[in-house]
Amino acid sequence: MKQHSIVAAGAITLLLCVPAARADSVVIEHVTLIDGTHAPQRDMTVAIAGERIAAVTPSALVQHPDGRRIDGSGKYLIPGLMDVHIHLRGGFDPGNRPDAEPGPPNRQEGVEALASFLYAGVTTVVDVGNRPEHILPLRADERAGRILAPRIFATGNLITYPGSHGDRIAVRVSDFEKDKALLDKHIAEQQPDILKLTLEEEGWGSRPMIPLMPVELLSKIVRYYNLHGIRTTVHVSSELRALEAIYAGSDTLAHPVIQGPVSDSFVRLMAAKKIPFASTLTIGDGYNRLVEHPEYLDQPLYVASLSTADREKLRTQIRSEWQGRAWTAWMKVMNPIAQQNVRKVHAAGGVVACGTDQSSGAATQRELELLAAAGIPPLEVIRIATYNSAVFLGKADELGSIETGKLADLVLLGQDPSVDINNAKSIVFVMKSGRIIDEAQLPLAGGRQQRRFAGR
Ligand SMILES: [Zn+2]
């Protein structure tokens, strides 16, 4: 009886909370809501006022919604997708990793890559290592509303030990006291949203041995950034280094373990400590995929994301380079092991976040496919790419789920992503900060494509 009266009081509150009319308010009615944390809820109404979600209510409880009304019947509303491990294109030669020799920054390539994320439903990206002169002006432009782009969070330069992984785009630190001024300069000038460090003696994959940052040094740097209010992520590839990074105080990990199958105790530890890590399956998958299945480049999202010339170069020159490499063969064997490591940690209750180590919205959608192929149910893949990724970033109070008060970053889908993760591509529209993105304005390298699914 008591419980019944609480429910009734709650319903009255909901009725009163429907926002007053505003020029910039939008109401999505009768939609199936997949809010990032719960099971799908049918016939819901989501009201957006300005840049935020003003109310999330069963449609039956909403009497006279104000604002522009959008009929969501038969459609599915999910939070904007997030990619917490990218290296934005244009800072490096196309197709290369951050340890490749950088060419001059190419702003246009960066702008086009950013557009490809929005086009694919990705409303937040985290750049975890780039040339600061490339990524930081784009971050400033995005925040000032000067470019059409997802939210950009960035580390700027990463930090590593001289000669270690990612050295070429890093602030090199060998001694905490001696190099403290470099850290202060990085914090003051680049204002990292998250700090990326690397703890790696072999490169990510089969590479020659390289110098490794001492764990005590890593720990001091992590603590120093935390004292400035900055979260940290650490590149690792083995279980041993993952453990060291965690106990050195890292807030997150930038990769899953890929150097071998994880131990049961590591799985239990990740579930107990809830250290979020980026899934980054797409990069390892990409080598062999290009060699064995180059036809993926004809999928609409890849056609939109890449120029004709780039796709041709991938199909010919890069494909033949990758064909003979031990690296490609290594990844073919090891990436499925990483995939199973991700699945095991997720199944045990660990916090997997969505990251690609790539630079396009097509790649982020590929990450969802690979997570689902690992055996993770589609609804949980959505959570990984939304709520869990916001947790990784430390922004779950603002982003990552559809809740009253949060920023209105949303994707309306024509088909149900909880039954097939490929339906996350059936995009009707993408909304960022309460505004529906006008796809015609997106500077896509390959141009807009016919969406694979009907329902627009
Ligand atoms: Zn990376």
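Observations, loosely collected:
- Contact order normalised by residue count of region 242-326, Cα under 8 Å, 6+ apart, percent: 25 percent
- The chain: relative contact order in percent, alpha carbon pairs under 8 Å with at least 6 residues between: 19 percent
- Segment T404-V215, length gained on full extension (0.36 nm per residue, minus Cα span): 63.9 nm
- Annotation: extensible slack from R223 through E321 equals 31.1 nm (criterion: 0.36 nm per residue apart, minus Cα-Cα distance).
- Sites matching trypsin sites (Lys or Arg not before Pro) across region 287-347 that sit in DSSP coil, with at most 15 neighbouring C-beta atoms within 10 Å: R325
- Unit charges at the beta carbon, dipole of the chain: most positive-side option, G80, I34, G361: I34
- Qualifying trypsin sites (Lys or Arg not before Pro) in region 145-200, DSSP loop, other Cβ atoms within 10 Å at most 13: R146
- Euclidean distance between Cα centres, region 383-414 to region 325-346, Å: 28 Å
- Placing pseudo-labels 7 Å out from each Cα toward the beta carbon at N422 and R107 gives an inter-label distance of 4.0 nm.
- In the chain, inverting the average of 1/r over every pair of distinct C-alpha atoms gives 22.5 Å as the Kirkwood radius.
- Pair S174, K313: separation of 7 Å Cα→Cβ label points (nm): 3.6 nm
- Rough spin-label spacing in nm, given labels placed 7 Å along Cα→Cβ, for R42 and E292: 4.1 nm
- Rg/Rh for region 163-222 stands at 0.97; both radii use Cα atoms, and Rh follows the Kirkwood definition.
- Residue-span extension gain [R146 to A440] - 0.36 nm each, minus C-alpha spacing: 104.2 nm
- Taking region 314-456 and dividing mean pair separation by its residue count, relative contact order in percent (alpha carbons under 8 Å, at least six apart): 15 percent
- Cα gyration tensor, region 364-421 - rounded (a/c under 1.5), prolate or oblate: oblate
- Distant-in-sequence amide H partners of I159 (H built 1.01 Å from N, under 5 Å): V171, K196, L197, T198
- Projecting the Cα positions of G163, A120, H255 onto the charge dipole of the chain (unit charges on Cβ atoms of Lys, Arg, Asp and Glu, taken about the Cα centre) puts A120 furthest along the positive direction.
- Between region 159-189 and region 42-65, the alpha-carbon center distance in angstrom: 48 Å
Every number here is computed from the coordinates shown, using simple stated rules; none is lab data. Since this is a predicted model, take the numbers as computed values, not measurements. When we count neighbours, we look across all protein chains shown, and the Cβ atoms used for this are built from the backbone with ideal geometry, even at glycine.
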